[in-house]
């Protein structure tokens, strides 16, 4: 549905997007991750035809956006960053305008607007000026506008930015409901969002894609993925070297008075660790399996190798909660 | 779905937004008050004792000089400032259609304001027996001149996100067009610069073109002048929008 080939965008001497290749298929919900200024918005703007690429192509539903912007835009629903809307219009007026601009006939228009309004639960504020609406409602107006024509490709730039947790939940639910039959791309820097709604995650840094996979695959890139945290009773005859000597353990890090044994392979070192503790006659106070932390992976990927060590050091010094934050 | 429909869809939205805010009402009231004031006091409408609307039309140039930039300044700079240009330009609407739609909305609005001056026409028709043809061409000239001012304003508005800058620059540029064929400017140019420069500058002056129309003379050259100026400004406007929309 979306094919991006070697897309480049330069602003003067600054390269915002530096050779991006990406394909998104029907049914996929692609999370576009990256720090601010990584080029996510610029990429999305090129795909939606708002910005002309310096080189490379973007095709949407088989149409080259650079060749026929209008035909491509007919198939795209787009929520720009910050959900811009004319402040003096009401949601009803804005949606009617968008529907007319998309060439819907009067009867279709009414049905399409009704559907979109129902989906994003905009009913109560339909006739209030947009400037008087809360941030959450403004975002919903933008969403309603984007899904109005039931587009095959839906592109959303930070759809949940600035929303409260309940609103975030609603938007994510909406995205999940719509995902069958569409190709959806959403950018975010909320990592839990990717796990909650995306079937695939890509990470962008300094204009390049640096990772692409399912959220689980991405999380597995964390060296701590599959590790166990062990705490033994006071006075036990066990140190880091003893754990590190195990075959199942790649490396041991200190985490306060606990040891974090990083897995050497795909299997968890938990069994080997337990056995060792028992063999030494020590008391096993804690044995917690760890999961990869999405934000550590994110930082390692986007800050580059130089900072990866710093992240590891930071982790050893300050004990961090081991479990991933609760996802919605 | 054709281009004209899109132009009309954009124009309708734009027109609605004038009336959704006080902008339209403030403009209309100020325009009508000023038009009345200038006609009666500065133009000595009654004292002249002539059954024509010269006292009315003469002052339009000067009114437009600061009122038209007030309409045109927001056309594109507001879209860019609000970010709504991204919404507009990711709908299946071309830059040209958007530029035309917004321009026609502004021009229609100016035409509406102009039409509301009809009491002055009723007055002069009641008091005397004016040349209705001259009045009609006067209105046509005024409308064309407003259109030219608006096209320049729309083009300049696309260059900046700042409405104040758009206003000041538009007023200044329009002022040059108005000054261009005033005698003192023309004389000064003739005195120091080669003849063709004087010809050129006089040629782009609004006053001569408007004067003819006020007196009931529809010169093709004047209509062509305003028409081509509008066309050129809107063409540049379209280019500006496509190049600057995302900056």
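The values are calculated or read from the model by the stated rules, or taken from the named source; none is laboratory data. Being a predicted model, the structure only gives us computed values, none of them experimental. Counting neighbours? That spans all protein chains shown, and the Cβs are built from the backbone with ideal geometry, glycine included.
Taking the conditions (1) within 14 Å of chain A (Cβ to nearest Cβ); (2) farther than 28 Å from residue A:156 by Cβ; (3) modelled with pLDDT of 95 or more in turn, residue B:104 satisfies each one other than (1).
Matching residues to (1) more than 30 Å from residue B:46 (Cα to Cα); (2) away from every other protein chain (no Cβ under 14 Å); (3) at pLDDT below 90; (4) in a loop (DSSP other than H, G, I, E, B):
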site: B:120; (1), (2), (3), (4): no, yes, yes, no
site: B:147; (1), (2), (3), (4): no, yes, no, no
site: B:159; (1), (2), (3), (4): yes, yes, no, yes
site: B:171; (1), (2), (3), (4): yes, yes, no, no
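If the condition is being surrounded by fewer than 23 Cβ atoms within 10 Å (Cβ to Cβ) and over 23 Å from residue A:137 (Cβ atoms), then segment A:158-190 contributes A:179, A:180, A:181, A:182. What about residue B:4, is it part of a helix (DSSP H, G or I) and either closer than 30 Å to residue A:148 by Cβ or within 14 Å of chain A (Cβ to nearest Cβ) (or both)? So residue B:4 fits the description; yes. From the list B:37, B:56, B:109, B:66, the lone residue that is more than 13 Å from chain A (Cβ to nearest Cβ) and farther than 27 Å from residue B:182 by Cα is B:109.
Checked against the criterion of being in a helix (DSSP H, G or I), surrounded by 12 or more Cβ atoms within 10 Å (Cβ to Cβ) and without any contact (Cβ under 8 Å) to a residue 60 or more places away in the chain, the candidates B:198, B:227 yield just one match: B:198.
Does residue A:210 satisfy being in contact (Cβ under 8 Å) with a residue 24 or more places away in the chain and either over 16 Å from the mean Cα position of the chain (by Cα) or buried (at least 21 other Cβ atoms within 10 Å of the Cβ) (or both)? Criteria not met by residue A:210. Of the residues making up segment A:97-106, those that are on the phi < 0 side of the Ramachandran plot and within 9 Å of chain B (Cβ to nearest Cβ) are A:97, A:98, A:100, A:101, A:102. Applying the condition of being touching a residue at least 40 places away in the same chain (Cβ under 8 Å) and outside any helix (DSSP H, G or I) to segment A:115-132 and asking which residue is farthest from residue B:19 (Cα to Cα) yields A:121.
Residues in segment A:63-88 that are within 18 Å of residue A:1 (Cα to Cα), without any contact (Cβ under 8 Å) to a residue 60 or more places away in the chain and under 25 Å from the mean Cα position of the chain (by Cα) were compared, and the one that is farthest from the other protein chains (Cβ to nearest Cβ) is A:65. Residue count for segment A:19-28, restricted to those that are in a strand (DSSP E or B) and crowded, with 17+ Cβ neighbours inside 10 Å: 3.
So which residues in segment B:173-195 are assigned to a helix (DSSP H, G or I) and touching a helix residue (DSSP H, G or I) at 6+ places or on another chain (Cβ under 7 Å)? Listed by number, the residues that qualify are B:173, B:174, B:175, B:177, B:178, B:179, B:185, B:186, B:189, B:190. Inspect segment B:77-94 for any residue being surrounded by fewer than 17 Cβ atoms within 10 Å (Cβ to Cβ) and away from chain A (no Cβ under 14 Å) and give the result as yes or no. No; the residues of segment B:77-94 include none that is surrounded by fewer than 17 Cβ atoms within 10 Å (Cβ to Cβ) and away from chain A (no Cβ under 14 Å). Taking the criterion of being within 12 Å of residue B:56 (Cβ to Cβ), free of Cβ contacts under 8 Å to residues at least 60 places away in the same chain and in contact with a helix residue (DSSP H, G or I) (Cβ under 8 Å, 6 or more places away or on another chain), the residues of segment B:23-39 that qualify are B:34, B:38. Residue-level analysis places residue A:150 among those that are within 30 Å of residue B:16 (Cβ to Cβ), assigned by TED's automatic domain parsing to the domain that holds residue A:90, in contact (Cβ under 8 Å) with a residue 24 or more places away in the chain and surrounded by fewer than 17 Cβ atoms within 10 Å (Cβ to Cβ).
Here residue A:17 fulfils each of the conditions (1) modelled with pLDDT of 90 or more; (2) under 30 Å from residue B:17 (Cβ atoms); (3) touching a helix residue (DSSP H, G or I) at 6+ places or on another chain (Cβ under 7 Å) apart from (2).
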